[in-house]
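Just below is one structure, and these are the notes that go with it.
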Amino acid sequence: MLDFETIIDEVGEFVSHFLKTELSSNLLFHNYSHTKEVVFSTQELCLRCDCPELKKNVVVIAAWFHDCGYSSIYRGHEKVSCQIATDFLLTKNVPQQFVNDVTDCIMATVYPQHPITLESQILCDADFFHFARTDYDLHEQKLRKEWELCLDKHYKDPEWHNQNCKLLLNHQYFTDYGKNVLQKFKEVNIGTMNC
């Protein structure tokens, strides 16, 4: 019987070291801090959504690995993240079906998101949990600078405002907690931004 508590600890150690050593310093948003926030948000959502233990193990591990692919590619990083997760988990003798569930979760975060399972819905909501945070403006400014550095996308302030509003207005949460709680806080941010 696998000890998933130990495996999750090992995943956390591995990914923390990996992100701190392998990611470009240009990744001002998609970095170790973002991953830690997504893991924390995933754990909170698992509690709020009464997620069964095995599914919780899947989604927490997926949260740790979901942005590792930024180490080698920006667009399409999810597939690389899946490969990194698969390689690591197979060394821990994790069953292939569990690995598949983890990679399915990661692939559900491809934007625009279309999660089907509860665990993939939780990860998608956790990945955009910052839309509902009071410090949302700090997150979006980091992303703006990251796009300048990594994608050579430069926006004038009105253009960025429109882009940001479009993203917030078109985004949707998938879990009941996301729809009933996070959405309300996101709407506060939308109002603050005068979208």
For the range 86-126, name all the residues that are closer than 22 Å to F185 by Cα, open to solvent by 20 Å² or more (accessible area, probe 1.4 Å) and either among the aromatic types (F, W, Y) or modelled with pLDDT of 95 or more (or both).
-> Y111, L118, Q121
Determine which single condition N180 fails, assuming it passes every other condition in (1) within 18 Å of C46 (Cα to Cα); (2) polar (S, T, N, Q); (3) under 18 Å from the mean Cα position of the chain (by Cα).
-> (3)
Search result, residues across the range 148-161 that are open to solvent by less than 100 Å² (accessible area, probe 1.4 Å) and farther than 22 Å from H77 by Cα = Y155, P158, E159, W160, H161
Hits in the range 79-97 - residues which are touching a residue at least 40 places away in the same chain (Cβ under 8 Å) and either closer than 30 Å to V181 by Cα or in contact with a Cys (Cβ under 8 Å, 6 or more places away or on another chain) (or both) = I84
S81 fails exactly one of the following numbered conditions: (1) open to solvent by 70 Å² or more (accessible area, probe 1.4 Å); (2) touching a Gly at 6+ places or on another chain (Cβ under 7 Å); (3) not acidic (D, E). What is the number of that condition?
-> (1)
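For (1) buried (at least 20 other Cβ atoms within 10 Å of the Cβ); (2) under 17 Å from V110 (Cα atoms); (3) polar (S, T, N, Q), each residue gets a yes or a no:
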| residue | (1), (2), (3) |
| --- | --- |
| G12 | no, no, no |
| S16 | no, no, yes |
| H30 | yes, yes, no |
| H34 | yes, yes, no |
| C46 | yes, no, no |
| L54 | no, no, no |
| H66 | yes, yes, no |
Which of (1) acidic (D, E); (2) closer than 20 Å to H30 by Cα; (3) surrounded by fewer than 19 Cβ atoms within 10 Å (Cβ to Cβ); (4) in contact (Cβ under 8 Å) with a residue 12 or more places away in the chain is the odd one out, the single condition D176 does not satisfy?
-> (2)
Are any residues in the range 157-195 charged (D, E, K, R) and either at pLDDT below 95 or closer than 12 Å to Y136 by Cα (or both), and if so, which ones?
-> K186, E187
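The values are calculated or read from the model by the stated rules, or taken from the named source; none is laboratory data. Owing to the predicted nature of the structure, the values given are computational and were not obtained by experimental measurement. Note: ideal-geometry Cβ built from the backbone for every residue, glycine included; neighbour counts use all protein chains shown. Quick note on the areas: whole protein, heavy atoms, side chains included, nothing else; ligands and nucleic acids left out. Shrake-Rupley method; radii C 1.70, N 1.55, O 1.52, S 1.80 Å.
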